[in-house]
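Peer 1: Dropping the structure in here first, questions after.
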C-alpha cells in the first residue's frame with residue numbers, strides 16, 4: 001500500500017508526527033509549502049496520496065498513471081481536483097468532513113462578539129492614537145439566527161445557547177438540534193439580531209442571500225459569514241452596510257483570497273475581517289490528519 005503525503009506544509013510536520021501511531025503503515029512525506037515540483041515523478045509508484053493544496057487538473061491526473069486514491073485534506077476537493085477527470089480515470093477522491101466544526105463555530109462566535117462590541121474598530125482607533133468609546137450590543141437574550149444547521153451550525157447553536165441567546169435556525173432539510181427552534185427562512189431573517197451563515201456552497205446556494213433576502217433582515221442586524229463568500233451577494237452586502245441597515249459584517253471568507261485591495265469591504269469601518277482561518281487550530285488539524293491516515297489505510301486494504 002504505497003502512500004505519499006504529497007504536500008505537507010512545513011507547519012504541519014510536528015502535528016503529523018503527533019498523530020502517527022506505532023502500528024501505522026509507512027507513509028512517505030513530501031514537504032511542499034507550494035505546488036510540488038515534478039508531480040508525476042513524485043507520484044510514480046504510489047497508488048494513494050494525501051493532498052493538502054495541490055491542484056490536479058485533467059492533464060496532471062492523466063500523467064499520474066499509478067494513482068488510484070486521493071485523500072483530500074478538507075471538504076472542498078472540487079476547488080483543487082478535477083473531479084470528473086478523476087472519476088473518468090478510476091481515481092477515487094476522499095474528503096474529510098467535520099474535523100473543524102467546533103473550531104469554525106468558535107471563530108464564528110468570536111466574530112459575532114467582536115462585531116457586537118466593535119473590537120476591531122476600537123483596536124484600530126487606539127493604535128492610531130484615537131480614543132473613541134463605541135457603544136456595543138449585549139448578546140445575552142438576543143436572537144441568533146443560523147442559516148444552515150449542519151455540523152458547524154449545530155456547534156454555533158450550542159455555544160450561543162450557553163451565552164444565554166435564543167437560537168432560531170433554517171436548514172434546507174428537516175434537522176433537530178437541542179434548544180434550537182427551526183423556522184422558515186423569512187422568519188429567521190426578520191428576527192435575528194445576529195445572523196450566522198454556516199451553509200455549504202453549491203449551485204443551489206450560490207448567491208443565496210441576495211439583495212431581496214438581505215433586505216428582509218432586521219435593521220441593525222449583524223451578519224457573520226464563516227461559510228463561503230459566494231453565498232452572500234457582495235454588492236448587496238456592501239450597499240446595506242453603507243446604508244446602515246446591516247449594522248456590522250464579520251467575514252472570514254472572500255470570493256478572491258486574499259481580497260483585492262479595492263474590495264469595498266476593506267474600506268468600511270463597520271466590517272471585521274479575518275483571513276479564512278476559522279478552521280485553523282491544532283486540534284482541528286490533528287483530527288484532520290489522523291482521519292486522512294485512517295482513510296488512506298482503508299483505501300489500501
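Peer 1: Quick check: residue separation of residue 132 and residue 65 times 0.36 nm, minus the Cα distance between them. What number comes out in nm?
Peer 2: Difference between extended and current length: 17.9 nm.
Peer 1: Taking R0 as 22 Å, what's the FRET efficiency between residue 44 and residue 21 from their Cβ-Cβ distance, rounded to 0.05?
Peer 2: Step by step, r from the Cβ atoms, then E = 0.20.
Peer 1: Which value in Å does the Kirkwood hydrodynamic radius of segment 101-273 take, with 1/r averaged over all unlike C-alpha pairs and then inverted?
Peer 2: Kirkwood hydrodynamic radius for segment 101-273: 16.1 Å.
Peer 1: Still on this model: Each label point is 7 Å from the Cα along the Cα-to-Cβ direction; what then is the distance between the points at residue 257 and residue 216, in nm?
Peer 2: That separation, rounded to one decimal, is 2.8 nm.
Peer 1: Residue separation times 0.36 nm, minus the C-alpha to C-alpha distance between residue 202 and residue 282: what's the value?
Peer 2: Full extension of this stretch gives 26.0 nm more.
Peer 1: Classify the chain: rounded, prolate or oblate, from the alpha-carbon gyration tensor (a ≥ b ≥ c, eigenvalue square roots; a/c under 1.5 rounded; otherwise prolate if a/b is larger than b/c)?
Peer 2: prolate
Peer 1: If we sort 125-131, 136-142 on the protection proxy, mean other Cβ atoms within 10 Å, highest first, what's the order?
Peer 2: So the peptides 125-131, 136-142, ranked by packing, come out 136-142, 125-131.
Peer 1: For residue 125 paired with residue 173, estimate the spin-label separation in nm (one decimal), with each label point 7 Å from Cα along the Cα-to-Cβ line.
Peer 2: 4.7 nm
Peer 1: Nearest 500 deg cm²/dmol is fine: what mean residue ellipticity at 222 nm does the chain get from its DSSP H runs of n ≥ 4 alone, each adding -39,500 (n - 2.57), divided by its residue count?
Peer 2: Rounded to the nearest 500, it is -9500 deg cm²/dmol.
Peer 1: Another question about this same structure. Quick one: which of 43-50, 16-23, 292-299 comes out on top by average Cβ neighbours within 10 Å, and what's the full order, highest first?
Peer 2: So the order, starting with the most tightly packed, is 43-50, 292-299, 16-23.
Peer 1: Would you please put 33-40, 235-242 in order of how densely packed they are, using the mean number of other Cβ atoms within 10 angstrom per residue and starting with the highest?
Peer 2: 235-242, 33-40
Peer 1: Defining a contact as two alpha carbons under 8 Å apart and six or more residues distant in sequence, what relative contact order in percent does the chain show?
Peer 2: Answer for the chain is 17 percent.
Peer 1: Further, regarding this structure: With each label point set 7 Å from Cα along the Cα-Cβ vector, what nm distance links residue 33 and residue 243?
Peer 2: Going from the residue 33 label point to the residue 243 one covers 4.5 nm.
All of the numbers you see were taken from the coordinates with simple rules; none came from a lab. Just so it is clear, the structure is predicted and the values come from calculations on it, not from any experiment. Ideal geometry is used to build each Cβ from the backbone, glycine not excepted, and the neighbour counts take in all protein chains shown.
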